[in-house]
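Here is the structure we will look at, set down as structure tokens.
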Amino acid sequence: MSYEHQKIEKYWQNYWKDHKTFEVTDDSDKPKYYVLDMFPYPSGAGLHVGHPLGYIASDIITRYKRLCGFNVLHPMGYDSFGLPAEQYAIKTGKHPSIATQENVTRYREQLENLGLSFDWSREVKTSDPSYYKHTQWIFLKLFNSWYDLDLDKAREIKELISEFENSGNSNIKSTHHCEVSFTHVQWKNFNEKEKEDILQCYRLAYRAQTSVNWCPELGTVLANDEVKEGFSVRGSHPVFQKSMMQWCLRITAYAKRLLEGLDNINWSDSLKEMQRNWIGRSIGAEIDFNIENSDESIKVFTTRADTIFGATFMVLAPESDYVEAIVTADQKQAVNEYLEKTQKRSERERIAEVKKVSGVFSGAYCVNPFTQTKIPIWIADYVLGGYGTGAIMAVPAHDSRDYSFAKHFNLPIISIIKGADVSESSLDAKSGTLVNSGFLDGLDVKVAIKVAIEEVEKRSLGKSTTNYKLRDAIFSRQRYWGEPFPIYFEDGIPRALAEDKLPLELPEVDKYLPTQDGEPPLARATFWKTDEGHPLEYSTMPGFAGSSAYFLRYMDPNNTESLVSKKANEYWRDVDLYVGGVEHATGHLLYSRCWNMFLYDLGYICEEEPFKRLVNQGMIQGRSNFVYRVKGTNKFVSLGLIDNYDTMQVHVDVNIVKNDILDVEAFKSWMPEYKDAEFILEGSDYKCGYAQEKMSKSKYNVVNPDKICNEYGADTLRLYEMFLGPIEQSKPWNTNGIEGVYRFIQKYWKLIETELVDSEPTQDELKVLHTAIKKIKADLEVLSLNTSVSAFMICVNDLTKLKCKNKSILKDLTILLSPFTPHLCEEVWKKMGMKESISFASFPKLNEAYLVESNYSYPISVNGKMKFLLDLPIDLGKDDIEKVVMENEKVKQLIGDKTVRKLIIVPKKIVNLVL
RNA sequence: GCCCGAGUGGUGGAAUUGGUAGACACGCUAGACUUAGGAUCUAGUGCGCAAGCGUGGAGGUUCAAGUCCUCUCUCGGGCACCA
């Protein structure tokens with residue numbers, strides 16, 4: 001009888017549900033293991049074949065760890081606040097929660113069809129008030145905290161206030177943007193408004209008038225990681241810079257810890273590198289340049305203090321506060337014109353015109369503190385106002401940007417590196433020997449940097465400084481479908497809502513659009529006020545708010561008192577394995593680490609880093625098909641003939657295309673506008689174009705897993721997705737190889753279906769089994785799941801050849817296989833008459849004695865000549881082998897008194913070739 | 001421009017990290033069973049008629065290189081006027 005996957009898979013899925021097989025508690029003696037998937041945004045399109053790749057891999061590890069005796073937490077939920085649901089609501093007028101709930105239901109069903117062993121009792125939805133209560137609670141904590149650089153941790157704001165009351169702010173080292181210093185007496189005399197304005201400069205969540213990424217199309221501001229090359233990541237709309245009052249998170253306070261924490265977690269190098277780049281630490285110095293005929297000086301930041309003797313001019317960012325102060329009367333007009341011009345440019349234009357050199361002379365000069373020469377001060381937009389001090393010393397000989405600026409405006413270029421030819425281009429490399437540099441002459445660049453900084457400090461010209469590219473995160477969005485801020489305004493002063501008022505639930509509104517005055521949608525709710533009548537904040541939180549601590553909530557999802565209880569947190573601690581896409585590298589993964597560190601600082605949780613190990617599954621790309629429409633007509637030209645026509649490329653549903661040949665009739669009925677379409681064919685066929693692209697609804701290239709589950713079964717899909725290649729690699733979806741995996745399942749079923757015997761297994765059978773155990777166990781540890789599928793195939797082929805009917809062998813093999821194909825294995829288990837579900841069996845023990853031992857004996861050769869074979873103990877490391885060999889009597893005899901120049905140890909398997 | 005990562009048969013991809021390159025699977029070829037198709041099974045399958053040659057290319061280290069080093073080409077990803 002062949003294997004009826006549909007019936008069997010349904011049966012076991014229901015069985016698991018009814019028996020609550022995968023529910024876990026924190027009252028266990030077993031060691032814990034936490035496997036987490038990045039929870040999905042429940043979009044209307046449902047799951048496609050790309051989603052399950054990570055889910056299947058993590059499910060396999062989950063089931064494997066259970067077999068190894070761990071109490072495994074493996075939860076799932078939904079990141080259910082988001083733009084598409086809101087846009088759908090704008091279109092239909094229906095509340096976004098309705099569409100969201102429909103999508104969630106569909107996702108749940110699809111996930112269950114894959115046989116994923118989630119503990120569904122822990123499901124969370126970020127848009128659920130019982131969940132976002134805790135998101136709001138964390139926000140309140142951030143609002144009520146500041147960062148103490150002395151203790152290097154966040155502290156409560158009331159402790160800061162009492163410091164202010166005792167001694168003002170001069171002794172406080174903090175990450176802040178407060179520009180005034182005051183005594184405790186002054187503090188006490190400030191009014192409420194003034195006090196809050198100062199506190200805002202210290203709070204970890206604060207309001208600030210900042211230049212933000214404004215996307216008019218979406219009607220909201222965006223965070224830096226939501227913008228790419230001047231366009232919004234979602235929807236690809238142009239983004240402009242605009243100055244607005246916004247909520248911000250002081251993530252910069254954590255820059256150092258976020259950077260250094262990377263050294264101690266097991267993430268891929270590329271991902272760590274991305275975060276490092278994003279945080280962007282550079283170590284250098286701030287140096288003061290005196291302005292000529294003035295008591296003022298300009299502070300510049302540089303990582304190349306060694307090049308100071310080559311600094312021939314200075315450049316200020318257009319936004320710099322110095323500009324106003326230094327510009328001379330006769331240059332005033334030119335400068336103003338330039339400032340106006342740069343301000344008008346959008347972010348997009350600025351990026352596009354990177355290569356264009358522009359700038360204006362301010363008329364003022366400053367003095368190079370080392371050479372005492374007078375150097376001109378310029379203003380140019382290649383210097384950024386937001387980084388460093390917004391001013392640089394330009395060293396055209398050794399910085400390519402300064403170089404092209406100097407060439408363009410004919411400014412002097414002085415090389416300070418020996419032998420450098422700067423007639424054509426600058427020499428940017430951090431290497432070489434210094435010349436023309438006074439006390440630095442003859443030093444190597446790397447040494448000179450240090451010496452120069454020391455000298456700067458000694459002469460009180462400045463100090464060594466570290467700068468980060470990381471910017472504070474913009475935290476408010478002018479949208480409806482997000483968490484409301486637990487903030488109200490009293491006489492224009494932002495105040496925190498009391499914790500017992502949470503959750504502050506989203507109000508009902510008549511429309512999901514901004515008001516006519518351009519206020520966010522929440523302003524439509526006229527009752528959006530506190531009980532005392534104070535207006536509440538109109539903005540809502542951004543998408544990453546709900547996902548920045550969800551992994552903590554899973555530990556204790558039904559706790560109505562707090563985000564997570566101490567007990568649950570101390571048991572589950574952190575995520576042992578986190579699986580998800582790279583696209584969250586500088587967004588979610590950075591914010592999550594930051595929030596986690598913050599909650600750790602305040603003592604709510606016990607681990608500083610949330611994700612011990614992280615694996616990025618690759619994207620499964622779609623294969624899109626195109627038809628070619630003759631412009632302005634309803635005629636379509638086959639691919640081979642498009643050169644003869646003026647055509648435009650149109651995506652066509654891949655489900656009505658087979659082997660790139662279009663099903664013409666299906667196309668006509670696909671969309672009403674194509675009903676009367678005409679075709680210009682090649683022979684009798686219409687050939688479509690194709691491309692590899694991201695799987696997306698708008699490209700009509702989505703292949704969803706339901707079809708494959710029906711046809712081949714979830715177990716086959718699970719195996720096949722793993723077999724496709726390394727988990728981290730992106731690859732196009734194609735079903736070419738799925739037959740092979742399907743055949744494997746049939747073969748395996750055939751093996752089990754025969755009458756099994758309860759006898760001693762043979763040596764050969766044991767060898768096959770234990771080879772598989774060894775290989776698969778090793779593969780599971782490093783998530784090399786594609787090769788473990790191969791190992792199963794080899795094992796089953798070998799056992800088939802051996803005509804194995806041995807019950808104990810096949811039982812162990814089934815356990816081994818069960819993480820991969822759980823339905824099948826449960827069925828086999830039942831067939832064998834085992835009472836207990838395999839989920840709770842233990843992983844088969846490896847007995848190395850059954851493995852091939854010949855790998856472990858070595859011929860020894862001295863000075864390149866093969867001498868003799870020497871058997872060595874199993875499992876020696878390379879160094880151990882050498883030690884054992886050198887102490888061996890035979891070897892000592894052979895070598896005698898001679899000094900060994902080289903001793904070579906070769907595995908036995910290649911001896912024949914070498915001898 | 002800078003920083004990562006990767007280039008292996010017709011295809012997806014293996015290779016215990018320096019030790020018989022191409023495991024496993026797809027595809028293909030031949031055969032068996034079948035009225036036929038499908039399914040299944042058996043054998044073969046890197047290239048070359050051969051000696052030989054083969055892991056993008058050119059050098060190098062080594063008894064031994066897909067793996068290490070130098071240069072170079074191509075592709076993918078990230079950052080991008082960050083001083």
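The values are calculated or read from the model by the stated rules, or taken from the named source; none is laboratory data. This one's a predicted model, so the numbers in the text were calculated from it and none came from an experiment. When we count neighbours, we look across all protein chains shown, and the Cβ atoms used for this are built from the backbone with ideal geometry, even at glycine.
Per-structure values
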| quantity | calculated |
| --- | --- |
| Single unsatisfied condition, A:GLN729 versus (1) within 10 Å of RNA strand B (Cβ to nearest atom); (2) in contact with a strand residue (DSSP E or B) (Cβ under 8 Å, 6 or more places away or on another chain) | (2) |
| Matching option when the condition is over 24 Å from A:LEU506 (Cα atoms), of a type outside the set (Asp, Glu) and in contact (Cβ under 8 Å) with a residue 40 or more places away in the chain, among A:THR210, A:THR183, A:THR135 | A:THR210 |
| Any hit, the stretch A:622-637, residues being closer than 30 Å to A:ILE60 by Cβ and either modelled with pLDDT of 75 or more or within 26 Å of the chain's Cα centre (by Cα) (or both) | yes |
| Complete set of residues in the stretch A:119-161 that are aliphatic (A, V, I, L, M) and in a helix (DSSP H, G or I) | A:ILE138, A:LEU140, A:LEU142, A:ILE157, A:LEU160, A:ILE161 |
| Qualifying positions in the stretch A:256-268 - within 12 Å of RNA strand B (Cβ to nearest atom) and crowded, with 18+ Cβ neighbours inside 10 Å | A:TRP267 |
| Residues within the stretch A:398-410 that are touching a Phe, Trp or Tyr at 6+ places or on another chain (Cβ under 8 Å) and either closer than 19 Å to A:GLU340 by Cα or modelled with pLDDT under 90 (or both), tallied | 1 |
| Residue check for A:TYR690: at pLDDT below 80 and either within 16 Å of RNA strand B (Cβ to nearest atom) or not in a helix (DSSP H, G or I) (or both) | yes |
| Among the residues listed as A:ILE752, A:ILE745, the single one being within 36 Å of the chain's Cα centre (by Cα) and either within 16 Å of RNA strand B (Cβ to nearest atom) or of a type in the set (Ser, Thr, Tyr) (or both) | A:ILE745 |
| Single match in A:LYS32, A:LYS20, A:LYS7 (criterion: exposed (fewer than 15 other Cβ atoms within 10 Å of the Cβ), out of contact with any Asp or Glu (no Cβ under 6 Å at 6 or more places or on another chain), touching a residue at least 24 places away in the same chain (Cβ under 8 Å) and among the charged types (D, E, K, R)) | A:LYS20 |
| Subset of the stretch A:703-726 (residues that are surrounded by fewer than 21 Cβ atoms within 10 Å (Cβ to Cβ) and near RNA strand B (Cβ under 7 Å from one of its atoms)) | A:GLY725, A:PRO726 |
| The stretch A:489-505: number of residues that are more than 30 Å from A:ILE90 (Cα to Cα) and outside any strand (DSSP E or B) | 5 |
| Any chance A:GLY386 is surrounded by 15 or more Cβ atoms within 10 Å (Cβ to Cβ) and of a type outside the set (Asp, Glu) | no |
| Cβ-Cβ under 6 Å pairs, at least 6 apart or on other chains, the stretch A:443-461 side within 9 Å of A:ALA285 (Cα to Cα), far side small (Gly, Ala, Ser) and part of a helix (DSSP H, G or I) | A:ILE453/A:ALA305 |
| Some residue of the stretch A:810-832 being over 40 Å from the mean Cα position of the chain (by Cα), surrounded by fewer than 17 Cβ atoms within 10 Å (Cβ to Cβ) and within 15 Å of A:PHE744 (Cβ to Cβ) | no |
| Those residues of the stretch A:245-301 which are of a type in the set (Asp, Glu) and without any contact (Cβ under 8 Å) to a residue 12 or more places away in the chain, in sequence order | A:GLU260, A:ASP263, A:ASP269, A:GLU273, A:ASP295 |
| Number of positions in the stretch A:565-590 that are out of contact with any Leu (no Cβ under 6 Å at 6 or more places or on another chain) and either buried (at least 24 other Cβ atoms within 10 Å of the Cβ) or in a loop (DSSP other than H, G, I, E, B) (or both) | 9 |
| A:PHE39 surrounded by 23 or more Cβ atoms within 10 Å (Cβ to Cβ), among the aromatic types (Phe, Trp, Tyr) and more than 19 Å from A:SER698 (Cβ to Cβ) | yes |
| Verdict on A:ILE298 being β-branched (Val, Ile, Thr) and either modelled with pLDDT under 90 or near RNA strand B (Cβ under 8 Å from one of its atoms) (or both) | no |
| Residues of the stretch A:454-488 satisfying the condition of being within 16 Å of RNA strand B (Cβ to nearest atom) and assigned to a loop (DSSP other than H, G, I, E, B) | A:LEU461, A:LYS469, A:LEU470, A:ARG471, A:ASP472 |
| Sole exception among (1) in a strand (DSSP E or B); (2) at pLDDT 90 or above; (3) away from RNA strand B (no atom under 16 Å from the Cβ) for A:LEU614, by number | (3) |
| Yes/no for A:GLY50 being more than 26 Å from A:GLU826 (Cβ to Cβ), crowded, with 22+ Cβ neighbours inside 10 Å and touching a Gly at 6+ places or on another chain (Cβ under 7 Å) | no |
| The lone exception for A:VAL447 - which of (1) under 38 Å from the mean Cα position of the chain (by Cα); (2) at pLDDT 85 or above; (3) within 15 Å of RNA strand B (Cβ to nearest atom) it fails | (3) |
| All positions within the stretch A:67-110 that are closer than 30 Å to A:ASP29 by Cβ and part of a helix (DSSP H, G or I) | A:LEU67 |
| Condition met for A:SER423 (under 43 Å from the mean Cα position of the chain (by Cα), at pLDDT below 90 and either surrounded by fewer than 20 Cβ atoms within 10 Å (Cβ to Cβ) or in a loop (DSSP other than H, G, I, E, B) (or both)) | no |
| Residue in the stretch A:240-255 that is under 19 Å from A:ARG471 (Cα atoms), in a helix (DSSP H, G or I) and within 14 Å of RNA strand B (Cβ to nearest atom) present | yes |
| Members of the stretch A:223-237 found to be on the phi < 0 side of the Ramachandran plot and away from RNA strand B (no atom under 16 Å from the Cβ), listed by number | A:HIS237 |
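Results for (1) surrounded by fewer than 22 Cβ atoms within 10 Å (Cβ to Cβ); (2) at pLDDT below 95; (3) not hydroxyl-bearing (Ser, Thr, Tyr), shown as yes or no for each residue.
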residue	(1), (2), (3)
A:GLN110	yes, yes, yes
A:ASN113	yes, yes, yes
A:SER121	yes, no, no
A:THR126	no, no, no
A:TYR132	no, no, no
A:GLN136	no, no, yes
A:PHE143	no, no, yes
A:TRP146	no, no, yes
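Results for (1) part of a loop (DSSP other than H, G, I, E, B); (2) over 30 Å from A:GLN617 (Cβ atoms); (3) out of contact with any helix residue (DSSP H, G or I) (no Cβ under 6 Å at 6 or more places or on another chain), shown as yes or no for each residue.
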| residue | (1), (2), (3) |
| --- | --- |
| A:VAL741 | no, no, no |
| A:PHE744 | no, no, no |
| A:LYS747 | no, no, no |
| A:LYS750 | no, yes, yes |
| A:LYS767 | no, yes, no |
| A:ILE809 | no, yes, no |
| A:PRO819 | yes, no, no |
